[in-house]
Structures are given as structure tokens and as C-alpha cells.
Amino acid sequence: MTASSDLQTSVTEPAWPDDAIEVGRLLDAWGVKGWIKVQAYSADAQALFSSRRWFLKPADDNKPAVVGKAKALPTLLKILAVRDHGDGIVANIEGVTDRSGAEALGGARIFLSRSSFPKPETDEYYWVDLIGLAVVNRQGEELGTVAGLMDTGPHSVLRITPPGLQAPVKPDQERLIPFVAAFIDDVDLAERRISVDWGLDY
């Protein structure tokens, strides 16, 4: 089966979700039966494993959304299976049954509807929900805004852009606060605020 027919069988024309969040990227073919390597942007890739509808955009929004010989990149992939493989993830896509079909999708960015994410456990949060939240200490002092997170293995670390600066900032300008109970007093998603036990001079 050719790459073009593979892509045509896997695509429908769904409405783009209003709450779409970019969560990863398709990398390259894995094996010869249509599986593809996936790069997840977060160390917590639970949403990729649970969703069976992945929305796509091209690697560069400024370039035409074509693959192969002028074939349009599908906006939706139906996922048959996702599994861990070594340090990464591989996925099996409906209608993509050979290596060339998988290679044709390489570079595409993956988006998921936020509503499709599985509900986190108590005191667990998706990274995407923490980005942009204001960070305030016990003294009511503003420490800045969450620009991102780092995964250090044992725990995650908040990367905070101080007040008056705009992300991205230089590494030595960021505040880094371990996302652990010893320092995190409260996360209020409704108020978009994280309260911490952390001084301005730390």
C-alpha cells in the first residue's frame, strides 16, 4: 500500500477542538508495519496513551501542510495502539500499514483536546495546566509566572519567570522551585495561582 492511500484511509474532517493543546510530535517510522515513533513534550504522556484521536498540524505553520507528493497532511489520526518503547513511545495508526506511510507523517505536531485528558488523581496536575499560573509566597510576594517545568526524575521543578520579565528568559534569570509538598502549599487552578513556601532571595 502506498503512502498516499495510507493517509487517505486514516483521515476524516473533524472540527478542530477549541481546547486543543500541543503535546508532542511524530518523528519517524518504526519497523515496517506502519508504526511510528512519537516524541512527547511532557514526561507525563498519559494523555497520549489514553486518547484515540490525535489532531495534526505541520511541523512549521508557515509551510504548506503537505506530505509525500502534494498530498494533504491529515488533520486527524485514529490511533489503534500506543506503547512505551525504550526511552520513547511508538504508535500504530489506523490505515497506515507500511513504513512509507509512517515516514510521510514524520515531523507533524500532535494536538489533543484538553477534555480528552484522563482526570488526574488528587494533588496531581498536568504540566499544561500549571503553565501561566502566578506564583505567590506565604508573605504575599509575587515570585513570577510558571513558564514551564523540568523533570528531574524524582520530582518536577517549576521554571518561573520573575515579575517584569517575559519568557523566554536566560536560565540564570529563572526561579526554580521543586514541585513537592515541602514547598508547594496550594495549587488553585480556578484562581490560576500557586502558593509556595519560598523566599524572594532564594
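The values are calculated or read from the model by the stated rules, or taken from the named source; none is laboratory data. It should be emphasised that the depicted structure is a prediction, and the values quoted were computed from it without experimental measurement. Quick reminder, even Gly has a Cβ in these numbers, built from the backbone with ideal geometry, and neighbours come from all protein chains shown.
Within segment 182-202, how many residues turn out to be farther than 14 Å from Glu142 by Cα and modelled with pLDDT of 95 or more?
Within segment 182-202, residues that are farther than 14 Å from Glu142 by Cα and modelled with pLDDT of 95 or more number 8.
Do we find that Glu103 is modelled with pLDDT of 95 or more and either surrounded by 15 or more Cβ atoms within 10 Å (Cβ to Cβ) or farther than 30 Å from Lys78 by Cβ (or both) in this structure?
Judged against the criteria, Glu103 is not a match.
Suppose we filter Leu105, Leu165, Leu112 for residues that are out of contact with any Lys or Arg (no Cβ under 9 Å at 6 or more places or on another chain) and in the same structural domain as Arg53 (by TED's automatic domain parsing); which single one remains?
One residue alone meets the criteria, Leu105.
Which one is farthest from Leu149 (Cα to Cα) among residues in segment 31-54 that are assigned to a loop (DSSP other than H, G, I, E, B) and among the charged types (D, E, K, R)?
Of everything passing the filter in segment 31-54, Lys33 is farthest from Leu149 (Cα to Cα).
Between a first residue in segment 144-162 that is not assigned by TED's automatic domain parsing to the domain that holds Phe179 and a second residue that is part of a strand (DSSP E or B), which pairs have beta carbons less than 8 Å apart while being 6 or more apart in sequence or on different chains?
Listed pairs, sorted by first residue: none to list.
Out of the residues in segment 59-100 that are aliphatic (A, V, I, L, M), modelled with pLDDT of 75 or more and not in a strand (DSSP E or B), which is surrounded by the fewest Cβ atoms within 10 Å (Cβ to Cβ)?
Result: Ala59.
Looking only at residues in segment 185-202 that are among the hydrophobic types (A, V, I, L, M, F, W, C) and either closer than 21 Å to Val23 by Cβ or within 23 Å of the chain's Cα centre (by Cα) (or both), which one is surrounded by the most Cβ atoms within 10 Å (Cβ to Cβ)?
Filtering segment 185-202 for residues that are among the hydrophobic types (A, V, I, L, M, F, W, C) and either closer than 21 Å to Val23 by Cβ or within 23 Å of the chain's Cα centre (by Cα) (or both), the one surrounded by the most Cβ atoms within 10 Å (Cβ to Cβ) comes out as Ile194.
If you scan segment 166-175, which residues turn out to be surrounded by 14 or more Cβ atoms within 10 Å (Cβ to Cβ) and either touching a His at 6+ places or on another chain (Cβ under 6 Å) or more than 15 Å from Ile131 (Cβ to Cβ) (or both)?
Residues satisfying the conditions do not exist here.
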